[in-house]
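Okay, so here's the structure we're looking at.
The values are calculated or read from the model by the stated rules, or taken from the named source; none is laboratory data. All values derive from a computational prediction rather than experimental measurement. All Cβ positions, glycine included, derive from the backbone under ideal geometry; neighbour counts span all protein chains shown. These accessible areas exclude ligands, DNA and RNA; they are computed on the full protein's heavy atoms, side chains included. Shrake-Rupley method; radii C 1.70, N 1.55, O 1.52, S 1.80 Å.
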Amino acid sequence: MILSHDTTGDTTGSGPAVLLLHAGVADSRMWAAQRAPLARSHRVIRCDLRGYGDTPLTSEPFDNAGDVKALLSSLGERPVAIVGASSGGNVALQVASEWPDLVSHLVLVNSALALPATRSLQRFARREDALLDAGDIDGATELNVATWLGPDADDDARELLRTMQRHAFQVQLGAGEDIHQNAGPDIDLEAITAHTLIVSGGQDLDHFRAVANHLAGHVPGAKHTQLGWAGHLPNLERPDEITTLVTDFLAEFPR
């Protein structure tokens, strides 16, 4: 069962539900700056996917989209808005594609998608693998901080990402090979009915800009906002701007 950041149900506020899905280099703490402002008009739900934050990895088979669906069912929420960053955006796409009636709005921040990796992403993956193979978790952590935060991120944002990424490495590497994570549902972009906002960063790797353009061309009615200043995690780089962007989009299409 998927657990939230405090392992008992991290929800706050009242109104239409908004689920925040973290990136693969972070955990639910990445949304700290958005949580309270969004809660003024919404019921805000944060969660840690398995292997991140306070949610351990277990030996039972699982997939993230199925975990998210189970979490929303346990909370009695339907439909919801989902804000997903990077790999969290990919999970959001799986949920919105497989169970379109469950999702009213999608905000995809530099979302991941199974497109061919560009050379820059391949170079990053090779460097990260080499560091982890050598047992250099600190080096791999610093590589991720340098790669995934844009120039506008302050020292606090970098330290938060450093803490979240190092913890994820420790949990996932410590779990060994007895992990059975399934890929989850295939994504059919044409099946998505949610109001969709795609956010891409001009300072992010070119792979994710290509993903954003692909999504904009295939998700029905999607709106694409390109932020020239943004790296991969703009909500950590300019928190207030991203909070306003999300809030305005949700208000544009009231439930």
Problem set entry | Average accessible surface area per residue within segment 165-214, 1.4 Å rolling probe, Å² | 51 Å²
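Carbon and sulfur together cover what percent of the accessible area of the chain at a 1.4 Å probe radius?
Answer for the chain: carbon and sulfur cover 48 percent of the accessible area.
Could you give the length gained by full extension between Arg255 and Asp240, i.e. 0.36 nm per residue of separation minus their alpha carbon distance, to one decimal place?
On the way: separation 15, 0.36 × 15 = 5.40 nm, distance 2.34 nm.
Extra length available between Arg255 and Asp240 comes to 3.1 nm.
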Exercise. Per residue and in cubic angstrom, what volume does the convex hull of the Cα atoms of segment 14-81 have?
Worked result: 88 Å³
Seminar exercise, completed: At the level of C-alpha centres, the distance separating segment 64-127 and segment 234-255, in angstrom, is 17 Å
Exercise. If you put +1 on each Lys and Arg Cβ and -1 on each Asp and Glu Cβ, how big is the dipole of segment 1-157 around its Cα centre, in Debye rounded to 20?
Worked result: 580 debye
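Hey, what did the chain get for relative contact order, percent, Cα under 8 Å, at least 6 apart?
On the way: 509 pairs, mean separation 58.1, N = 255.
Reported relative contact order: 23 percent.
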Problem set entry | DSSP bridge pairs, the chain: antiparallel proportion in percent, nearest 5 | 15 percent
Exercise. Whose amide H sits under 5 Å from the amide H of Leu21, counting only residues 5 or more places off or on another chain, with H placed in the peptide plane?
Worked result: Val83, Gly84, Ala85
Problem set entry | Rg/Rg_globular for segment 104-255, with Rg_globular taken as 2.2 N^0.38 Å and Rg from C-alpha atoms | 1.14
Problem set entry | When the convex hull of its Cα atoms is projected in every direction, mean area for segment 36-187 (nm²) | 10.4 nm²
Exercise. Once the Cα atoms of segment 169-215 are picked out, what are the Rg and Dmax in Å?
Worked result: 16.2, 40
Exercise. Do you know the relative contact order of segment 50-107, to the nearest whole percent, from alpha carbon pairs under 8 angstrom that are 6+ apart?
Worked result: 32 percent
For this session: Can you tell me which of 23-36, 189-202, 238-251 comes out highest on packing, and rank the rest after it, using the mean Cβ neighbours within 10 Å?
Result: 23-36, 189-202, 238-251
For this session: With Rg and Dmax of the Cα atoms in Å defined as stated, name the option among (i) 18.0, 57; (ii) 17.6, 54; (iii) 17.0, 51 computed from the structure displayed.
Result: (iii)
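Computed from the mean reciprocal separation of all distinct C-alpha pairs, what Kirkwood hydrodynamic radius does segment 77-126 have, in Å?
Details: mean 1/r = 0.0850 Å⁻¹.
Answer for segment 77-126: a Kirkwood hydrodynamic radius of 11.8 Å.
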Exercise. Gain in length, Asp154 to Arg123, computed as 0.36 nm per residue apart minus the alpha-carbon separation, to one decimal in nm?
Worked result: 8.6 nm
For this session: Within 10 Å, count the other beta carbons around each residue, average over each peptide in 160-172, 126-138, 75-87, 218-230, and list them highest first.
Result: 75-87, 160-172, 218-230, 126-138
Exercise. Rg and Dmax of segment 40-123 over Cα atoms: what are they, in angstrom?
Worked result: 14.1, 43
